[in-house]
Amino acid sequence: MFKVRSEARAVPISAEAAARLVKSGDWVDYGVTLSQPDVFDRALAARKEELRDVKFRSCISVKPRAVLEADPGGEHFFWFSWHFSGYDRVKHDAGISHYIPVNLGEVPGYYRRFIDAVDVVVLKTCPMDADGVFNFGCTGLWHRALVETAKIVVVEVTKGLPYCHGANNGVHRDEVDFVIAGDDAPAAELANPPPTDVDRAVGRLIAAEIEDGACLQVGIGAMPNVVCDALRESGVRRLGIHSEMLTDGMVELYRAGQVTGEAKRLHKGTSVYSFALGSKSLYDTIDRNADFACLPVDQTNPPHIIMQNDRVVAINNTTQIDLQGQAASESDGHRHISGTGGQLQFVRGAYASEGGRSFICLSSIYARRGVRKSRIVLTLTPGNVVTTPRSDVMYVVTEHGIANLKGKSVADRAKALIAISHPDYREDLERQAREHRLIPKGYI
């Protein structure tokens, strides 16, 4: 239940007054995606010259942040992110945004166990409902933990968010110190790029492995989302959803009548997620829809929770994999791109599920500045971060096929991955594997 802060009054104040609550040296939490404040952000940016060493924690920024745009040199404000969006990545390239390594499902525990400094938290929420609750909308994640641990709690109310069901998916007025009026702008949308032929080929391969009654997790990215398109075409039924992220593709399966949740053991009949990000159609579908539940990320991501459903299917993207099966999904050398997110936790949870499967998907090649390169390599790019260790990887999928690495030796892993690499690179990869003794001499 909600934790009453006796000193809280939910006092209405202006954004400018709220911004004055922040002092030099403070840690300010902005929350995740659609919950990051806008009116407050602009008001705080206007105070730039008065402040020094203000540090922000954030995650997946879906629009430019005024505090960063006002301080392009990073002299007043410091931005730390649990997971990069495209915008966060650009700011990282400029030396302004910095990554915090994490399995995303552990973040609530970090706030409750390890993070002492949460001076001000500002979250965008729905207007207060009849029960005195400011609903978090479609972004649960660790917002409850923020409310419980912050010294000052501010909500920026807006009519632009969907109202989403879910246990404790909100903050009660007795937990809130101050309330500011938002701008009621529509929720930011995440564009879905048109699928490529490679995306479709991978989607069809994975969809062919998914049975009626499976429970889906789909990660961020175009390729995992295209699997949902292939599932619609396959006609698979009685699907469940237990995912960190809720995507347009998953909601389209629901609208097609293919998602019922009836085969789930945990949250039977309900599609659960920790945050939703996509189109207006997605937001309209989940708004006040009791078939969906937005939960804290420590109730969606831990493997011991995931495994309670049978036939869990985890579908996630990677950018590079070596011949031993190490999946590097979050960096390009020392350049950080995204984050660990929930990938490793869902890989492990799906494996532990009765009849569960995890799929790591990638295109076999990519082009950079007109030069083609293989994504399957002998050795990862120097500096690349391993997101999913070789001991955890199950199925790897490219447009050329599926390789199951479970139970395989290093030699057989290498051969299986070479078989699904692009044909133009197979001979060279096998030569490298034999030269470096991944495949023994004379081994067929």
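The values are calculated or read from the model by the stated rules, or taken from the named source; none is laboratory data. Bear in mind that the values here come from a model prediction, so they are computed numbers and not experimental data. FYI the Cβ positions are ideal-geometry reconstructions off the backbone, even for glycines, and counts take in every protein chain you see.
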Point to revise | Answer from 37, 72, 108, 64 - the residue that is at pLDDT 95 or above and surrounded by fewer than 14 Cβ atoms within 10 Å (Cβ to Cβ) | key: 64
Practice item. Determine, yes or no, whether residue 247 is assigned by TED's automatic domain parsing to the domain that holds residue 201, closer than 17 Å to residue 207 by Cβ and either surrounded by fewer than 24 Cβ atoms within 10 Å (Cβ to Cβ) or modelled with pLDDT of 95 or more (or both). Key: yes
Practice item. Would you check if there is a residue in the range 348-366 being over 19 Å from residue 205 (Cβ atoms) and polar (S, T, N, Q)? Key: yes
Practice item. For residue 392, work out the one condition from (1) farther than 23 Å from residue 217 by Cα; (2) out of contact with any strand residue (DSSP E or B) (no Cβ under 6 Å at 6 or more places or on another chain); (3) not β-branched (Val, Ile, Thr) it doesn't fulfil. Key: (1)
Check your understanding: Within the range 146-198, restricting attention to residues that are under 22 Å from residue 13 (Cα atoms) and among the small types (Gly, Ala, Ser), which residue is nearest to the chain's Cα centre (by Cα)?
Key -> 170
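Results for (1) part of a loop (DSSP other than H, G, I, E, B); (2) basic (Lys, Arg); (3) under 16 Å from the mean Cα position of the chain (by Cα); (4) modelled with pLDDT of 95 or more, shown as yes or no for each residue.
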position	(1), (2), (3), (4)
298	no, no, yes, yes
308	yes, no, no, yes
313	no, no, no, yes
347	no, no, yes, yes
Exercise for review: Check 216, 205 and return the single one that is in contact with a strand residue (DSSP E or B) (Cβ under 8 Å, 6 or more places away or on another chain), in a strand (DSSP E or B) and either modelled with pLDDT of 95 or more or surrounded by fewer than 21 Cβ atoms within 10 Å (Cβ to Cβ) (or both).
Suggested key: 216
Point to revise | Sole residue being crowded, with 24+ Cβ neighbours inside 10 Å and closer than 16 Å to residue 359 by Cβ, chosen from 234, 274, 329 | key: 329
Check your understanding: Is it true that some residue in the range 133-142 is in a loop (DSSP other than H, G, I, E, B) and either among the charged types (D, E, K, R) or not assigned by TED's automatic domain parsing to the domain that holds residue 44 (or both)?
Key -> no
Check your understanding: Which of (1) among the hydrophobic types (A, V, I, L, M, F, W, C); (2) modelled with pLDDT of 95 or more; (3) outside any loop (DSSP other than H, G, I, E, B) does residue 230 not meet, given it meets every other one?
Key -> (2)
**Study point:** Answer from 383, 442, 355, 339 - the residue that is part of a loop (DSSP other than H, G, I, E, B) and not assigned by TED's automatic domain parsing to the domain that holds residue 221
**Key:** 442
Study note, to complete from the structure: Of the candidates 58, 97, the one satisfying the condition of being small (Gly, Ala, Ser), within 18 Å of residue 274 (Cα to Cα) and within 22 Å of the chain's Cα centre (by Cα) is 58
Exercise for review: Check the range 356-377 and report whether any residue there is small (Gly, Ala, Ser) and modelled with pLDDT under 95.
Suggested key: yes
Review point. With 25, 105, 95 as the choices, which residue is free of Cβ contacts under 8 Å to residues at least 24 places away in the same chain and either outside the structural domain of residue 349 (by TED's automatic domain parsing) or assigned to a helix (DSSP H, G or I) (or both)?
Key: 95
